[in-house]
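**Q** Submitted below is the structure of interest, expressed as structure tokens.
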Amino acid sequence: MVPRSAAVSTSAGSAVGRPLRRREDERLLRGAATFLDDLDPTGVLHVAFARSQTAHARVASIDVTRAREAPGVEAVVVASDLDTGPLVPPLDSVLAVATPRPLLGEGAVRFVGEPVAAVCADSRYAAEDAAELVDLDLDPLPAVADLAAAAADEVVVDGYASNVLFDNRTETGDVDAAFAQAAAVVERTFVNPRYAALPIEPRGTQAAPEGDGVRIWASTQAPHKLAQIVSELLELPRELVVVVVPDVGGGFGQKAHAYPEDIVVAWLARRLGRPVRWAEDRSENLLASSHARDQTVRVRAAADLDGALLAIDADVLCDSGAYGVYPHGHMLEALGTPGMIPGPYRLRTYRSRGRAVATNKCPEGAYRGVGLPVASFVHERVMDLLAADLELDPAEIRRRNLLAPDELPYETVTGQHYDSGDYAQALERALEAIGYREARAAQRAARAQGRLVGLGIGCYVEFTGINSMVFTGRGMVGIAGFDGAHVTLDADGVVTVWTTMPAIGQGSETTFAQMAADEMGVDLARVRVAHADTSVGMLHGTGTFASRSAIAGGGAIRDACGELLQRLREDDSERLEANPEDLVLADGAVHVAGSPAASVPLDELVDAAPDDRYRVSATFDPPAIAYPYATHACQVEVDAETGAIDIQRYVVVEDCGTVINPIIVESQVHGAVAQGLGGTLLEDMVYGPDGQPLTASLMDYLVPTAPDVPPLEVGHLAIPAPGSPNGAKGVGEGGTLGPPGAIANAVSDALGVECNELPLTPERVAAGAAARR
């Protein structure tokens, strides 16, 4: 590894920090991108899955006779045809139960949408028509659909000893004594509904036999993990399973998992000896791709007379659905939410319990922010409730509790190591931007006119760039925690970069190129970022999720480029009779700094070197977690009759450390806030008491559109993270954390009625307004 200070200097100025247009956008906007559906191999077969329409039942029989006889059908397979095991999340925790997930349902089905048979046909239409001919005979079992009843094991999901699959308790300090001496105690229950991630491009996989192995094209966020589990379940040497990631139309965490359909498609390609493709439709995505959130959180919080937090006692119930997703299992939210309920505040006494509970619903997995939006919703509502009890302004109670810069680094009661920043400055700048004092005066005037205007604040801190130590400590031993990069230099001076982190729409093709250009000292136009491909560079890594690209990917790119530059210096120093440290890479040659005439062209160096001399791989395991933070502030007006919420102003002041590309950072904030607003105001994946999804289309499951997102005013602090290879902190998820608390606080402020359950639908808000009257 070559430290940054020793890297070859750049002749074109730094690329990092410049507001460069996203280089990927031109091909995306012109229709020149290559998504999974754009691949068209000769002789491809199309797969459709027959799925259970019952939430909980024993499988009496599956008759595929009619499906096999349908026009265009090449094969129909059920569980008994497969010679593979189930998907079992690799967990190492005495507190967690790893639930095997069959590739195709047999014995029992446990949620609506669970696949029970796969149909291969010469067209997608033929495959889908034939899938409807699969006769599934089921003996219904009682559905486990109510979270509280499931937690009490009133009815247990078939095959499980208990619905409680994970139960973790923590306690620091004398919680009961703190409550006994408190001046203010609030106790509330907060409800966050179930969400669907809804990427524009749903899931999809294509596979083709390749020699004795298989090549897979997948719309995935974790290609190396997918390759690994396919090799294990199909009993193939790892090097014979290749996963290539084309352009990906969004993921938001949903594509960070390996699913049964992925494995079945690879199995079919090898069994049939032909290319096989499955592309999920929107209905399947809503029913059978992972969901998220769906939590009920009971909280008690205590403060002294000055508003200082004394203690929090939190009980977090998470509906994890029928199975744990692979490889994460079902602990993501049951660990994440209790771990961050203390928020950016000074707290030394804390008790929590986090439980993941099985129900007969679609399995829950990663979704932008994972458990942290729920944690921030809870602690921001608690701050407003305590402020009201103590007759303090909501901004003032936060001032008194936010950690100060000289208290960082700070170890929280849940073991988080907050690194750097100025939480109070983010608050004050947000208040200044929204004109908080003037807005309060205007609010009083509006109320005198009968208008319901409210102000809301949402502060948060989050963890990003999680490393192997954290994943291992959680018991999620199937997740690497590190990432890799492979960098090559060609004779024409072009630097090509591959990573274990596919681009999923967040602009990493541009930011990775900026990083590599700076590290190599070449013009940005000479850097190419290639699609993720598990056959390149003997890499292994985690993938693109959990706000880790700039940190883990940036560290791997830095180290690979550093090694490549060191080789160039070593190879050229003797020819130029100069110290390696004095050499500069510029204009297609290596030359002595200050003496451009003394140079060796790159094509000469590359041609004279062994084939692999300028092909370098590196892995990077972040040495520390990075903690971005922000304050969101908003002003709303509520129509008491209709329950409509008009967001009049929305301000964000955030700190994601070093800003690699201002345009991309800004767009990540905007996109995440839009999803946060959707979850706060609109989205709710509803199930009936029989486990039937009641929001199975976009006519029922509402997502934000352009008119629902107000103009955003975004400010940045950009205080570098000390443990990050480039000073950057994650930025992709933070925007989802602020809206639940900020909007709920603003609407509560407008109505004078507590808003502790999301989403804040017009019906719910109008009912609150009526109760106030």
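**Q** Compare the Cα positions of I216, A196, Y259 along the charge dipole of segment 136-276 (+1 at Cβ of Lys, Arg; -1 at Cβ of Asp, Glu; about the Cα centre) and return the one farthest towards the positive end.
**A** Checking the options against the dipole of segment 136-276, the answer is I216.
**Q** To the nearest whole percent, what portion of all C-alpha pairs in segment 552-667 is separated by more than 17 angstrom?
**A** Numbers: 4790 of 6670 pairs.
Percent of Cα pairs beyond 17 Å in segment 552-667: 72.
**Q** Follow-up. Out of the total accessible area of segment 459-514 (probe 1.4 Å, heavy atoms of protein only), what percent is carbon and sulfur?
**A** 62 percent
**Q** While we're here: How much accessible area per residue does segment 483-537 have, counting only protein heavy atoms and a probe of 1.4 Å, in square angstrom?
**A** On the way: 1310 Å² over 55 residues.
Result: 24 Å² of accessible area for each residue.
**Q** Additional query: Please report the Cα spread of segment 234-370 along all three principal axes, rounded to whole Å, starting with the longest.
**A** So the extents along the principal axes, rounded to whole Å, are 73, 31, 29.
**Q** Could you state the accessible area per residue of segment 152-293 in Å², with a 1.4 Å probe and every protein chain left in place?
**A** 33 Å²
**Q** Looking at segment 595-665, which GluC sites (Glu not before Pro) are DSSP coil and have at most 16 other C-beta atoms within 10 Å of their C-beta?
**A** The qualifying sites are E641.
**Q** Please work out whether segment 435-501 counts as rounded, prolate or oblate from its C-alpha gyration tensor, where a ≥ b ≥ c are the square roots of the eigenvalues and a/c under 1.5 means rounded, while otherwise a/b larger than b/c means prolate and anything else oblate?
**A** Here segment 435-501 falls in the oblate category.
**Q** What does the charge count near T736 come to, summing +1 for each Lys or Arg and -1 for each Asp or Glu among other residues with Cβ under 14 Å from its Cβ?
**A** Overall, the nearby charge balance is -4.
**Q** Quick check: at a probe of 1.4 Å, how many percent of the accessible area of segment 701-762 sits on carbon and sulfur atoms?
**A** 62 percent
**Q** Is the shape of the chain rounded, prolate or oblate, going by the alpha carbon gyration tensor and its root eigenvalues a ≥ b ≥ c, with a/c under 1.5 for rounded and a/b larger than b/c for prolate? Walk me through the numbers on the way to the answer.
**A** Working: a/c = 1.85, a/b = 1.11, b/c = 1.67.
Oblate is the answer for the chain, as a/c is 1.5 or above yet b/c matches or exceeds a/b.
**Q** Sticking with this one: At q = 0.26, 0.29 Å⁻¹, work out log10 I(q)/I(0) for segment 487-546 with the Debye formula, treating every Cα as an identical point scatterer and leaving solvent out; two decimals please.
**A** Reported log10 I(q)/I(0), two decimals: -1.13, -1.26.
**Q** Which distance in Å, rounded to a whole number, links the C-alpha centroids of segment 597-661 and segment 501-527?
**A** Here the two parts' Cα centres lie 11 Å apart.
**Q** How charged is the neighbourhood of A480? Take every other residue with its Cβ under 9 Å from the Cβ of A480, and add Lys/Arg as +1 and Asp/Glu as -1.
**A** -1
**Q** Roughly what % antiparallel, to the nearest 5, for the DSSP beta bridges in the chain?
**A** Bridges in the chain that DSSP calls antiparallel: roughly 80 percent.
**Q** Are there DSSP H segments in the chain that both extend 24 Å or more along their axis (alpha-carbon positions) and score a mean Kyte-Doolittle hydropathy of at least 0.0? List them, or say none. Walk me through the numbers before you get to the answer.
**A** On the way: long enough: 372-390 (27 Å, 0.91); 554-576 (32 Å, -0.81); 662-681 (28 Å, 0.72).
Passing helices, by number: 372-390, 662-681.
**Q** Write down the accessible area per residue of segment 352-407 in Å², having rolled a 1.4 Å probe over the full set of protein chains.
**A** 24 Å²
**Q** What percent do you get for the relative contact order of the chain when only Cα pairs under 8 Å and 6+ apart count? List each step's numbers first, then the result.
**A** Numbers: 1986 pairs, mean separation 130.7, N = 773.
17 percent.
**Q** Roughly speaking, to the nearest percent, how much of segment 1-136's 1.4 Å accessible area is carbon and sulfur?
**A** Of the solvent-accessible surface of segment 1-136, carbon and sulfur hold 48 percent.
**Q** Still on this structure, I have one more. Can you give me the relative contact order of segment 551-595 as a percent, contacts being Cα pairs under 8 Å and 6 or more apart?
**A** 24 percent
**Q** Any idea how far the Cα center of segment 117-184 sits from the one of segment 306-359, in Å?
**A** 17 Å
**Q** Something else: Relative contact order of segment 620-773, please, whole-number percent, based on alpha carbon pairs below 8 angstrom and at least 6 residues apart. Spell out each step's value before the answer.
**A** Working: 272 pairs, mean separation 57.8, N = 154.
In percent, rounded to a whole number, it is 38.
**Q** Right, another one. Add +1 for every Lys or Arg and -1 for every Asp or Glu among the other residues with Cβ under 14 Å from the Cβ of D684, and state the total.
**A** Working: positive: R194, R293, K361, R764; negative: D294, D319, E683, D700, E757, E763.
After counting each charged neighbour, the total is -2.
The values are calculated or read from the model by the stated rules, or taken from the named source; none is laboratory data. Given the structure is predicted, the values throughout are model-derived calculations rather than measurements. In this analysis, Cβ positions are derived from the backbone assuming ideal geometry, glycine residues included, and neighbour counts consider all displayed protein chains. Please note that ligands, DNA and RNA were not included when accessible areas were found on the heavy atoms of the full protein model with its side chains. Shrake-Rupley method; radii C 1.70, N 1.55, O 1.52, S 1.80 Å.
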